[in-house]
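Structure first, commentary second.
The values are calculated or read from the model by the stated rules, or taken from the named source; none is laboratory data. Everything numeric in this text was worked out from a predicted model, so none of it was measured. Backbone-built Cβ (ideal geometry, glycine too); neighbour counts: all protein chains shown. Ligands, DNA and RNA are stripped out before the accessible areas are found, and what is left, the full protein with its side chains, is counted by its heavy atoms. Shrake-Rupley method; radii C 1.70, N 1.55, O 1.52, S 1.80 Å.
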Protein chains: 4
Amino acid sequence: MTVRVGVIGTGSIGSDHVRRLSSEVDGSTVTALYDIDIERASSIATSVGAVAFDGPIDVIKSSLVDAVLIATPGETHAELTRACIEIGKPVFCEKPLAPTTEECLDILKAEMAFGSRLVQVGFMRRYDRAYQSMKKAIDDNDIGDVLLLHCLHRNVSSPSTYTSSMPFTDSVIHEIDTSRWLVGEELVAATVVGVKKSSYAPEHLLDPQLVLLECASGIVIDVEVFVNCQYGYDVRCEVVGELGVVSLDPPQSTATMMTRDHAGGVPPDWKVRFGDAYLVELQDWIDGLGQGVVAGPSSWDGYCATAVSQCCVRSLGSGHRETVDLIDRPAFYI
Amino acid sequence: MTVRVGVIGTGSIGSDHVRRLSSEVDGSTVTALYDIDIERASSIATSVGAVAFDGPIDVIKSSLVDAVLIATPGETHAELTRACIEIGKPVFCEKPLAPTTEECLDILKAEMAFGSRLVQVGFMRRYDRAYQSMKKAIDDNDIGDVLLLHCLHRNVSSPSTYTSSMPFTDSVIHEIDTSRWLVGEELVAATVVGVKKSSYAPEHLLDPQLVLLECASGIVIDVEVFVNCQYGYDVRCEVVGELGVVSLDPPQSTATMMTRDHAGGVPPDWKVRFGDAYLVELQDWIDGLGQGVVAGPSSWDGYCATAVSQCCVRSLGSGHRETVDLIDRPAFYI
Amino acid sequence: MTVRVGVIGTGSIGSDHVRRLSSEVDGSTVTALYDIDIERASSIATSVGAVAFDGPIDVIKSSLVDAVLIATPGETHAELTRACIEIGKPVFCEKPLAPTTEECLDILKAEMAFGSRLVQVGFMRRYDRAYQSMKKAIDDNDIGDVLLLHCLHRNVSSPSTYTSSMPFTDSVIHEIDTSRWLVGEELVAATVVGVKKSSYAPEHLLDPQLVLLECASGIVIDVEVFVNCQYGYDVRCEVVGELGVVSLDPPQSTATMMTRDHAGGVPPDWKVRFGDAYLVELQDWIDGLGQGVVAGPSSWDGYCATAVSQCCVRSLGSGHRETVDLIDRPAFYI
Amino acid sequence: MTVRVGVIGTGSIGSDHVRRLSSEVDGSTVTALYDIDIERASSIATSVGAVAFDGPIDVIKSSLVDAVLIATPGETHAELTRACIEIGKPVFCEKPLAPTTEECLDILKAEMAFGSRLVQVGFMRRYDRAYQSMKKAIDDNDIGDVLLLHCLHRNVSSPSTYTSSMPFTDSVIHEIDTSRWLVGEELVAATVVGVKKSSYAPEHLLDPQLVLLECASGIVIDVEVFVNCQYGYDVRCEVVGELGVVSLDPPQSTATMMTRDHAGGVPPDWKVRFGDAYLVELQDWIDGLGQGVVAGPSSWDGYCATAVSQCCVRSLGSGHRETVDLIDRPAFYI
């Protein structure tokens, strides 16, 4: 059985997903797509033998489409995801599930009303081999109880539209999700710490920033986010346990070169760093759909991540520690 | 278009290929298979919805089969590959193309007689990201002219059937192919050097061994092959150029653990080390077939690798430097 | 000219210093020593040809002694250091200069009254080659303005007498000094963050702990201190600048071993990690004395480190951010 | 007791040794020196309070001199070393002990006639911490019996006077000595293998070169020597045992920098790489002299190293494997 996917949003990440689903993932094909840039959508549709529709809802409703992938700006995620749930189609929604917890809760309710999972959120790091090695080491109790996580998230430079809350809603949301997943606990508080500003960051942008996240058990996660670090895309994570530590290996190429002018290095961006993870993520999604199962990061995960990132934004505003206010986890999501 | 593949030989590597072609590679399905162990073949056939045939030629001739993958013992490769060529079906043959240069030459002749490429040889390292990084560095002239290669090829332990020439025909054949590919030249001589024997190797087996391979331009490739190294699967390669060096990064996991008793490490075997490369290799093969093209390692590559590995075996016997005797490269293979 | 040193306190670090000064440092000899354990002092004195005195003041006043090294418990540092200043003898005092800022200020006053520098504080990390590489990279502006420091300080296990404030007064005091030295600014505030307790730490001990230190310019230094980490002595530091980062290389042996059971590693303790630094530190001190100069970490540095570590202890008690209250830097120490 | 050293030859390495002996090594002073460049000798003598003599023999005979260090060109080593032995003064001779085995044997005879060891040869790598870690791992049987060594010896560029035999007599002689020392066996044969020439090497110079050294037990040592590698001073060694391997860690700085243009790296030359080893070597020599003992690399070691390097030169000339012809080891040197 081939899963026929409709893709909404064919910008940078959306067009990559189209390519993966049509020519790299086994068992899927892209049959329909939509983008606000009609020419782009049309051109991509032609190249993969899909139909370009006039609107996103048309894609969702199309009889050509078994499952939907949403890669539009975050503001549109809630409405489109709910439209998929309404007609009972599985939907893969890029992060964030929605920018507000209210919208996320609406999605939870709709999905629970439908009665089985339809939604997967695009937290692709869970599919990265290095993160999976760390997860396995923790689950195998190789390092004993987890006490602390140290995380870094650095990008070369930020787009001009980037605001001081976006490091939390766009970047740290990945650390939020991987931390929850690695330690198996919810995050309950966040404190954003002001740091000396880089003169290479735009004038309006606080960059770098440091945030401390807390679990109820006392586990603390510190995250440096620095979106104008100049030198490369550098994501690191060290998990400190009672008996040892486990870390992502330092960034490196697969081959080391030594010459006078050049040495191996840091990947330039997340497309390079997490390219494999994206592919594994989509293959896993498609494989599950083939068996009628949605098993990846859930709406609940999407809701929690949004709640914590919003908590970071509140702490950024207040200058104080802020607590995360989550609803009780519905049995549906356990 | 889905390429319907018939797989001959479903042992360790063959069954992995069946899994990849049926559930990981986009655009392919396994429709037919054969193995000398009929029960194994039948069980695997059931699991992927293929037909288990009574003989390998039946697979090749089946109307269910567009292309053939051969993963049987090397002695059978030539006959099966030629059977594919005779009826004009593309064939992916695991290394070696054939154990003797005579058989390889017969395949070359048959393929040339057919008039276009049908054969791809399973030198999967060319599809490994680290080797590709090295190839790119060389081709981009980052290290200047290549002068030397230092290679290691180590396995934890060897099967009891392993003889002293098999390190060359089964293991070093990979270094032979990657060296030819990396430097873009043929190898013209080989000298096997006796080394102190490990007491952990079987009594009949010379292990480790060292071989020096030479190109006409003077490039020298030294290869240590050690198939009972005890500690892990360790493949390394450093290319020395006039202006710098490029190397495979040292073996490591994707995450580093520090505890009192444990530290990160070396992969246990080639399935772990080159798992990704196998997948990329097969996807590339299938993608090419979809466009009517066979572009991977050719019969010529298979012939040259066999010729050089046989030269190593001769040197092992004579104790001296032996030269490789290649036919002129047919225009068909340029 | 040979500098004749009197050593007060010949416990673990003191006896190492005796060995260094008598047989590794060029230009020095140990002529006198004292320890509360009279037999130990006597035995060490015999081995190096020194005289064991009955009291520390006797060592200071002895005509055999040109300069004094203090390696007694911290509580005695102020009194002994002042006794040296009173009779105008150069004194090398192990960290801390004194446990309280009041005592440190008394030393500053006495030294200023004397009119030239006599005191050097044993912040040996400044003499470590790796820290010096980082310092040079910062001073050469290789990474642009410094924005953040991430530090780790881990020990295998703590003595039973260790209390929850000692990670700051005994361990983090090194990070306090190196941070001040690396960035060339004073630290103005500290916030200790509670972290989940390791079950391998003694019941009364908060371990690990996390502390955030701040400079007036906005530079933030986060320090994890974990004195029961079980696996090794692991000190790390990454300095984040506007244009790049510079880090201590990860802990490693000088040789890597790969076997089934064993791999290279982390040093077991600070004696191994900073052994070279101690030697360079003492040689530098002796060289300076030979020229009538005391140029290493000063009483001012000792005072500031104590002030910041006390601020950490206050924050540990209050649970809040606390500010450091320093006197203006006297011109004498600029 | 202070050992008063006379230094003959104050070029690059000789003047470094003067500095070490006069201001870094404990227990030594430089009292006399000679150099063919009289002004240089005179200037250095003034700076360390030594006397500059008119000839090397005057230094050796001077009543100011307890022990002699020879850092002149290799051709003069034998005569000067024998002059020291004649009057019974300990002598530290930089490598090679002498350029020919005949001269080395004359030294052995003279020293044996004297009746106790006087000569130490400057094989400083034995004092390098990384080599010592490897030696300890081998001696502790961590990797089982040794089977193979892979060595690299690379310099940025060679002086114009460098000839094709000098890589063996000047550079590989270090690998010869460390190999003998690491495995505890003599080398019995050498085969130089021609390699494609770097266009960055002078026209008259074969560079790089590859040499295979053999022990009677079958251990093989391959050494790449490349004295115009352009990118740095890169010395590597991996010892392959039955149960695992032990290697020098890859070259690196003590701190890693990541910026767009720059990354950590390879030391520029041997002075940086082995600076610590030289100091430990001289301190060890002086410490031994203080106790009337000469325990470092012996005349026998110097003789063997010269014999093997000469064997390499013969193989370079003949194009074949050549055997090393050693006298039986005198009991004096066991």
Residue satisfying all of: in the range C:198-221; open to solvent by less than 10 Å² (accessible area, probe 1.4 Å) and not hydrophobic (A, V, I, L, M, F, W, C); nearest to C:LEU187 (Cα to Cα) among these | C:GLN209
Look through D:ASP35, D:ASP58 and report the one residue that is away from chain C (no Cβ under 14 Å), of a type in the set (D, E, K, R), crowded, with 20+ Cβ neighbours inside 10 Å and more than 17 Å from D:ILE286 (Cβ to Cβ).
-> D:ASP35
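Residue-by-condition table, conditions (1) within 22 Å of B:GLU79 (Cα to Cα); (2) away from every other protein chain (no Cβ under 14 Å); (3) of a type in the set (Phe, Trp, Tyr):
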site	(1), (2), (3)
B:GLU24	no, no, no
B:SER28	no, no, no
B:ARG40	no, yes, no
B:SER43	no, yes, no
B:THR46	no, yes, no
B:GLY49	no, no, no
B:ALA52	yes, yes, no
Return the residue satisfying two criteria in turn: it lies in the range D:242-256 and is at pLDDT below 70 and open to solvent by 20 Å² or more (accessible area, probe 1.4 Å), and of such residues it is nearest to the other protein chains (Cβ to nearest Cβ).
-> D:THR254
One residue from B:PRO90, B:PRO96, B:PRO73 being surrounded by 16 or more Cβ atoms within 10 Å (Cβ to Cβ) and either under 15 Å from the mean Cα position of the chain (by Cα) or among the polar types (S, T, N, Q) (or both) | B:PRO96
Could you tell me which residue of the range C:104-114 is nearest to C:VAL172 (Cα to Cα), considering only residues that are of a type outside the set (Lys, Arg) and open to solvent by 50 Å² or more (accessible area, probe 1.4 Å)?
-> C:ASP106
Could you run through the range C:179-195 and say how many residues are free of Cβ contacts under 8 Å to residues at least 60 places away in the same chain, away from chain A (no Cβ under 11 Å) and either among the acidic types (Asp, Glu) or crowded, with 22+ Cβ neighbours inside 10 Å (or both)?
-> 2
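A quick yes/no check of all residues on (1) touching a strand residue (DSSP E or B) at 6+ places or on another chain (Cβ under 7 Å); (2) assigned by TED's automatic domain parsing to the domain that holds C:ILE70; (3) farther than 30 Å from A:VAL225 by Cβ:
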position: C:LYS135; (1), (2), (3): no, no, no
position: C:ASP142; (1), (2), (3): yes, no, no
position: C:VAL146; (1), (2), (3): yes, no, no
position: C:CYS151; (1), (2), (3): yes, no, no
position: C:TYR162; (1), (2), (3): no, no, yes
position: C:ILE176; (1), (2), (3): yes, no, no
Could you say whether any residue in the range C:270-280 is under 24 Å from C:VAL211 (Cβ atoms), modelled with pLDDT of 80 or more and basic (Lys, Arg)?
-> no
Could you tell me which numbered condition C:CYS84 fails, if it satisfies all but one of (1) open to solvent by less than 30 Å² (accessible area, probe 1.4 Å); (2) modelled with pLDDT under 95?
-> (2)
Positions within the range C:126-142 being within 10 Å of chain D (Cβ to nearest Cβ) and part of a loop (DSSP other than H, G, I, E, B), in sequence order = C:ASP128, C:ASP142
Do we have any residue at all in the range C:232-241 that's surrounded by fewer than 20 Cβ atoms within 10 Å (Cβ to Cβ), basic (Lys, Arg) and at pLDDT 90 or above?
-> yes
Residue within the range C:116-125 that is in the same structural domain as C:ILE60 (by TED's automatic domain parsing) and hydroxyl-bearing (Ser, Thr, Tyr) present | yes
Going through the range D:144-194 one residue at a time, which ones are outside any helix (DSSP H, G or I) and of a type in the set (Asp, Glu)?
-> D:ASP145, D:GLU185, D:GLU186
Scope the range C:266-278; condition open to solvent by 50 Å² or more (accessible area, probe 1.4 Å) and assigned to a helix (DSSP H, G or I); matching residues = C:TRP270, C:LYS271, C:VAL272, C:ARG273, C:ASP276
Can you name every residue in the range C:196-225 that is more than 7 Å from every other protein chain (Cβ to nearest Cβ) and in contact (Cβ under 8 Å) with a residue 60 or more places away in the chain?
-> C:LEU206, C:GLN209, C:VAL211, C:LEU213, C:ILE221, C:VAL223, C:VAL225
Assuming C:ILE176 fulfils every condition listed in (1) buried (at least 22 other Cβ atoms within 10 Å of the Cβ); (2) more than 29 Å from A:LEU187 (Cβ to Cβ); (3) facing another protein chain (nearest Cβ under 10 Å) apart from one, which condition is it?
-> (3)
Among the strands (runs of 3 or more DSSP E) confined wholly to the range C:8-118, which include 3 or more residues that are out of contact with any Phe, Trp or Tyr (no Cβ under 8 Å at 6 or more places or on another chain) and in contact (Cβ under 8 Å) with a residue 24 or more places away in the chain?
-> C:28-34
If the Cβ limit is 6 Å and pairs must be 6+ apart or interchain, which residue in the range B:146-165 that is surrounded by 18 or more Cβ atoms within 10 Å (Cβ to Cβ) pairs with which residue that is of a type in the set (Gly, Ala, Ser) and in a strand (DSSP E or B)?
-> B:VAL146/B:GLY241
Checked against (1) in contact with a Ser or Thr (Cβ under 6 Å, 6 or more places away or on another chain); (2) not in a strand (DSSP E or B), D:HIS204 satisfies every condition except (1)
